[in-house]
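Read-outs: derived from the displayed coordinates by stated rules, not from any lab. Here the structure is a predicted model, which is why all the values come from computation and not from measurement. Glycine also receives a Cβ, built like all others from the backbone with ideal geometry; neighbour counts cover every protein chain displayed.
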Amino acid sequence: MDNVYLARQPILDKESTIYAYEILYRDADKTSRVENDMTASAFVLSNILNKFGTKSLLGEKKAFIKIDEKFLLNDIIFSVPKDLFVFSLFSQSVISKKMVEQIVKLHTNGYTLAINDTNLDMSFIEKFSDILEYFSFVKINFDVFISEDIASLILQLKKTDTTVIATKIEDIQTYELAKKLGCDYYEGYYFSKPVILENAQYEPFQMNVLKLYNLLMQDVNIDEITTEFENNPEITVQLLQFINSAAFSFRKKISSIHHVLVLLGRIPLSQWLMLLIYSKSISKVQQHSPLMMMVLNRTFLMKNILKEIEPDVGSNMLGEAYLVGVLSLMDTLFGMQIEDILQRIDISDPVKDAILNDAGELGEIYAVVRATESFDVDEIIAFERRHTLKTGSIKNIVLKAIEYTNEFNNPQE
């Protein structure tokens, strides 16, 4: 399984307390080579939301994310949680009429905007003068010649209630100069080099993402969409992480994927899927990871063993059974204790108790699922006896699960 890399650099206040982080793109070689700015922006956003998670990566801080004109103009930007990010527009961006309209729209909808690493001079002021009021931050590059009139230019910015961030602070002399000039926040190697963060990369398939997107855009029954999500555990895991990262506030705890789809709605979900597509977090190699095949196997066993002992079981409990299977391997996926993960995801108590304590009917089924993986015949026989099942019932379900996962991983042309 390949890994995903991001770099995190702190932005500090005058007391050297972390105010926010800038999250930076890093490729597989852990370098910052960017071939496409829009793709890099989507990659960073998608991986913060869907893989690293905002709580573990940012804590309670916001993230500054660099964006170009194309990303700004794409309405996919409105699918990103506005309370978590500051969109930092490249200062060299061409300001068109459409750009101005989108900037005003974002500002009106409560999004926070910044201008990234400008060499502050009169040409910058003239370029942005008509729209400066919509930007909360201007980041000034101090790794260049500092003009004599920069103090008056910074004062001019601050008169518009713009917060000034000094960047590329490499030494104590530059830091003292930035403070003297009245900058509000500071970022650079003098304080900390970007820390490269690593996370396991688990990839959904491009055609599956597009298929889900199309289903959401069509008048398709929610049950059919739920089934398609349940057939794609890679995407489901990222959806659950997104729900957590975006800090959604639901009155009821999440009990199933069907529940998530109903609560979120089709448009936000379709925008989220497009973010996955733009981020290139989709594999072109048609082979699922062993870990995801194990997730698929567990979800099949959880649902079908439940059906075996309760033939008339309702869709809600089947959804909870599926969720137990999906979440049961997230500790391996994220390299964290399962208790910590479940504290970060607002799921129903039966699902949580089943995973943590083998409690309830779902917990009992989860225990026998693990027994099938460890070839614990005694546990399997005891389960069949407790539920008055025919001898070999669990074995038959296991064989069907193997057949199902094999067909899933090697679909017929």
* To do: For region 206-409, build the charge dipole from Cβ charges (+1 Lys, Arg; -1 Asp, Glu) around the Cα centre, then report which of Y404, L269, A354 sits farthest towards its positive end.
  => L269
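Express the relative contact order of region 3-200 as a whole percentage, based on alpha carbon pairs under 8 Å and six or more residues apart in sequence. Walk me through the intermediate numbers first.
Numbers: 339 pairs, mean separation 46.0, N = 198.
Reported relative contact order: 23 percent.
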* Just how large is the dipole of region 43-187 about the Cα centre, in debye to the nearest 20, putting +1 at every Lys and Arg Cβ and -1 at every Asp and Glu Cβ? -> 580
* Can you tell me the dipole magnitude for region 295-413 around its Cα centre, using point charges on the Cβ only (Lys, Arg +1; Asp, Glu -1), in Debye to the nearest 20? => 260
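Under a Cβ-only charge scheme (Lys and Arg +1, Asp and Glu -1), can you give me the dipole magnitude of region 206-409 about the Cα centre, in debye to the nearest 20? Before the final figure, lay out each step's value.
On the way: 18 positive and 26 negative charges, 110 e Å.
Dipole size: approximately 540 debye.
Normalising by the residue count of region 206-409, find the relative contact order in percent from Cα pairs under 8 Å and 6+ residues apart.
On the way: 190 pairs, mean separation 44.6, N = 204.
Relative CO of region 206-409 lands at 22 percent.
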* To do: Could you tell me what % of all Cα pairs in region 206-409 have separations over 24 Å?
  => 41
* To do: Please name which of M336, H387, V369 has its Cα lying farthest along the dipole of region 206-409 towards the positive end, using unit charges on Cβ (Lys, Arg +1; Asp, Glu -1) and the Cα centre as origin.
  => M336
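Greater than 21 Å separation of Cα atoms is the criterion. Which listed pairs, K70/K193; K158/K179; K139/K179; K98/K168; K303/K400, meet it?
K70/K193; K98/K168
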* To do: Kindly give the semi-axes, whole Å and largest first, of the ellipsoid equivalent to region 3-200, taking each as the square root of 5 times a Cα gyration tensor eigenvalue.
  => 25, 22, 15
